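Asker: A single structure is presented below for examination.
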Amino acid sequence: MLLCFIFAFEDPRWWDYPGFELWKFVNLAIFVAALVYVLVRKANLGAAFRARAESIKAELEKARAERDAALAKLKEVEERLAHLDSQVATIKERSMIEAREERERISRSTQDEIAKLTAQAQREIENAATVAKKDLRRFTAEQSVRLAEDMIRRDIRPDDDARLFTRSIEEMGARR
């Protein structure tokens, strides 16, 4: 007890400082070393860690490749977007030219159709005029014959009729 009393008033040594006792750190180091030995040697965790490290490296390489591909695609899209205005202007200009050509084609087609219809109408008018002239000639001839018959019936007497009949028979006999 006396020994305890003497040590109680004596300054503690650095390895025996309260809360900082050296034996705790030595004990922890031995425990960690034993744990590492058991895990690495006995549980074959070294191979597992190496395999995991390799898979992480492979995933990092894959991620880099995907990032590079994404950056290349982004660059391509940005280039396409940069040329988009000129493409839109080109398409707009081309569509205007095509619209103008289509209007001209429709106009030419309409003019051709008008010319065809005009020619057809002219032919129909000429045909109608020809038919009308024929009908008029026939009507005129019929009317002339009817008027001539009326005049003959009115002007010829029975004795003129007999004389004409006799003359016709004599002319027929002379011809034979």
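Asker: Within the range 6-39, can you find the residues that are of a type in the set (F, W, Y), at pLDDT 65 or above and more than 30 Å from R50 (Cβ to Cβ)?
Answerer: F20, W23, F25 - these are the residues of the range 6-39 that are of a type in the set (F, W, Y), at pLDDT 65 or above and more than 30 Å from R50 (Cβ to Cβ).
Asker: For R154, are the conditions met, namely being more than 35 Å from the chain's Cα centre (by Cα), exposed (fewer than 10 other Cβ atoms within 10 Å of the Cβ) and without any contact (Cβ under 8 Å) to a residue 12 or more places away in the chain?
Answerer: It is true that R154 is more than 35 Å from the chain's Cα centre (by Cα), exposed (fewer than 10 other Cβ atoms within 10 Å of the Cβ) and without any contact (Cβ under 8 Å) to a residue 12 or more places away in the chain.
The values are calculated or read from the model by the stated rules, or taken from the named source; none is laboratory data. Everything quoted here is computed from the prediction, not taken from an experiment. Backbone-built Cβ (ideal geometry, glycine too); neighbour counts: all protein chains shown.
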